[in-house]
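Report on one structure; see the data block that follows.
Please treat every number below as a calculation from the coordinates, not as lab data. The structure displayed is predicted, hence computed values, not measured ones. Backbone-built Cβ (ideal geometry, glycine too); neighbour counts: all protein chains shown.
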Amino acid sequence: MDSAEYSSFRRKLVRWYADLARDLPWRRTNDPYRIWISEIMLQQTTVVAVIPYFERFLDRFPTVADLAAADEHDVLRLWEGLGYYSRARNLHRAANVIVKEHGGIFPTDLETLHGLPGIGRYTAGAIASFAYDQRAPIVEANTLRLYCRLLGYDGDPRSKEGQAVLWSFATDILPQKEPGRLNQAMMELGATLCSPREPNCAVCPVQVHCAAFHQGTQATIPRPKTKIAITEITEVSIAIQHRQQYLLRRRTAKERWAGLWDFVRFEINRDDQTVNVGQLIESVRERTGLSIEMGPLVAELKHAVTRYRITLKCFMAQRVKGSLTATDEWKWVKSADFTDYPLSVTAREFAERLQEDGVGCLPFD
Ligand code: SF4
């Protein structure tokens, strides 16, 4: 595009955005803290799923100082169900850096923003442009697709070369005046009309500027990601009961869902779903020092994490011998108190089954 075409593109897009943009809670503010929270929540997560979390999070932590002063446990509890929990831990870490190193004032320059935990190039650009109206480019999932189509770019957009092309376009397209609004408008167009499948080109305000539309290549641009092979695994989750309490374990920093609590959980078999009860009892003894009697299978849950498709068999068990005192890693918890603990999604589902009438009293033979 030449400069006249850039101007025409911006005019049409901004007019469309003013008339038709969705009213979203994080668009009603230029507070960098709120924009930051929304951008982190929106990574890999839909707008509809984020809205209630965003509102609850800001009710509980209305300022960056409130977030920094919170216990990580409480931050994770509020995040529970949103997934990708490193986002919550990084938010908490970054809030502490802002309070300790920047006097609680949100940084304004792109480089400092980019240096905060969990803030990548895109998020830094979003905060700088939406909150401070700086001429900072953005490329995320929706704009990546939009830019590829506008440019008719059929290379790999995630390659080094593809990234250079897209970031360069994202920079050149920005006006001197109100660049934040243009970034918002491009994200909105990417998220609504220029959807992954069957983009609604008929009503697109920038159709005339779109190379993919002219070439009829919208369906094949951008080039899809290479598919990764899925691995099936079987895990067990064992709710060990002792004196009307259950044993919970806090997952360590090296595990997935670090910082969240779970029942005793481990992988048993990659090749088949057979459960060897003797081996389960031995594995629990190695992990906890407790001798247990295995109880009934309460639930079988299926879920996926990255390239793994997991079948999770949820058992009850009774402690028979041995003791395990409460530490930062282990706690005996009454089922009525499960709500105080941030749990993984499957652990929450299992916990809810255990709270159902009668499940805690199922026979052990
Ligand atoms: S014309 Fe179609 S493919 Fe091009 S930007 Fe608009 S919606 Fe996307």
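Less than 26 Å apart at the alpha-carbon level, and either on another chain or at least 8 residues along: which lysines does that give for residue 225? Residue 225 reaches 160, 302.
The residue 164 and residue 27 beta-carbon pair, evaluated with R₀ = 22 Å, returns a calculated FRET efficiency of approximately 0.15.
Each DSSP beta bridge with both residues in the chain is either parallel or antiparallel, and the antiparallel ones are about 70%.
When the Cα positions of 295, 283, 350 are compared along the charge dipole of segment 231-361, 283 comes out farthest toward the positive end, with charges on each C-beta of Lys, Arg, Asp and Glu.
Placing unit charges on the Cβ atoms only, positive for Lys and Arg and negative for Asp and Glu, gives segment 231-361 a dipole magnitude near 300 debye about its Cα centre.
For residue 177, the lysines whose Cα falls under 16 Å of its own Cα, not counting residues fewer than eight places away in the same chain, are 12.
Taking a ≥ b ≥ c as the square roots of the eigenvalues of the Cα gyration tensor, segment 63-159 is classed as oblate, since a/c reaches at least 1.5 and a/b does not exceed b/c. By how many degrees, between 0 and 90 and to the nearest 10, does the Cα long axis of helix 86-102 differ from the longest principal axis of the chain? With both axes taken from Cα atoms, the answer is about 70 degrees. Which shape class applies to segment 232-335: rounded if a/c is under 1.5, otherwise prolate when a/b exceeds b/c and oblate if not, where a ≥ b ≥ c are the square roots of the Cα gyration tensor eigenvalues? Verdict is oblate for segment 232-335. When the charge dipole of segment 231-361 is built from unit charges on Cβ atoms (+1 for Lys and Arg, -1 for Asp and Glu) and taken about the Cα centre, the candidate among 241, 266, 322 whose Cα reaches farthest toward its positive end is 322. Shown is the FRET efficiency for residue 51 and residue 11, computed with R0 = 30 Å from the Cβ-Cβ distance and rounded to the nearest 0.05: 0.45. As a rough guide to protection, the peptides 325-332, 245-252, 297-304 ranked by mean Cβ packing within 10 Å, highest first, stand as 245-252, 297-304, 325-332. Spacing of the modelled spin labels on residue 44 and residue 252, each 7 Å from Cα toward Cβ, amounts to 2.2 nm. Once the C-beta distance of residue 328 and residue 176 is scaled by a Förster radius of 56 Å, the resulting FRET efficiency is 0.60 to the nearest 0.05.
Sequence-ordered 3J(HN,Hα) estimates for segment 204-216 from the Karplus curve with 6.51, -1.76 and 1.60 and θ = phi - 60° stand at 6, x, 10, 3, 5, 9, 9, 5, 4, 4, 5, 8, x Hz, glycine and proline given as x. Taking a ≥ b ≥ c as the square roots of the Cα gyration tensor eigenvalues, with a/c under 1.5 meaning rounded and otherwise prolate when a/b beats b/c, else oblate, which class fits segment 122-202? Cα axes put segment 122-202 in the oblate bin.
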